[in-house]
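Visitor: Before we start, here is the structure in question, set down as structure tokens.
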Amino acid sequence: MLVTALLVKNEGSPERYLARVLTNALSFSDKVLLLDDSSTDNTREIALDLGVKVSKRPEGAPAWGKESSARQELWECGAKEANDCW
């Protein structure tokens, strides 16, 4: 099983490439996971509309620039989704 996992923030604006990146990842991945690090745009909606599994970091969690806990959370979620079959 191949799981693609992304940590993003505010990637949903039209000049960004989120929809294109997610569509591409969905073409070769069994699952695509997105961890939203406090976006204030439509990042979450774009991902959900494409069928991507979305998690949102809790309010007040260490944000962009201090993302080691977010990366750990994303890694653990990806490993769980893949049933340790990377």
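What follows draws every value from the coordinates through simple rules; no lab data is involved. It should be emphasised that the depicted structure is a prediction, and the values quoted were computed from it without experimental measurement. In this analysis, Cβ positions are derived from the backbone assuming ideal geometry, glycine residues included, and neighbour counts consider all displayed protein chains.
Visitor: Between rounded, prolate and oblate, where does the chain land on the alpha carbon gyration tensor, with a ≥ b ≥ c its root eigenvalues, rounded for a/c under 1.5, else prolate if a/b exceeds b/c?
Guide: Values: a/c = 2.13, a/b = 1.09, b/c = 1.96.
Because a/c hits 1.5 or more and a/b fails to exceed b/c, the chain counts as oblate.
Visitor: Count the net charge of all other residues whose Cβ sits under 12 Å from the Cβ of Leu48, scoring Lys and Arg as +1 and Asp and Glu as -1.
Guide: Numbers: positive: Arg44, Lys53, Lys56; negative: Asp36, Glu45, Asp49.
My count for the surroundings of Leu48 gives 0.
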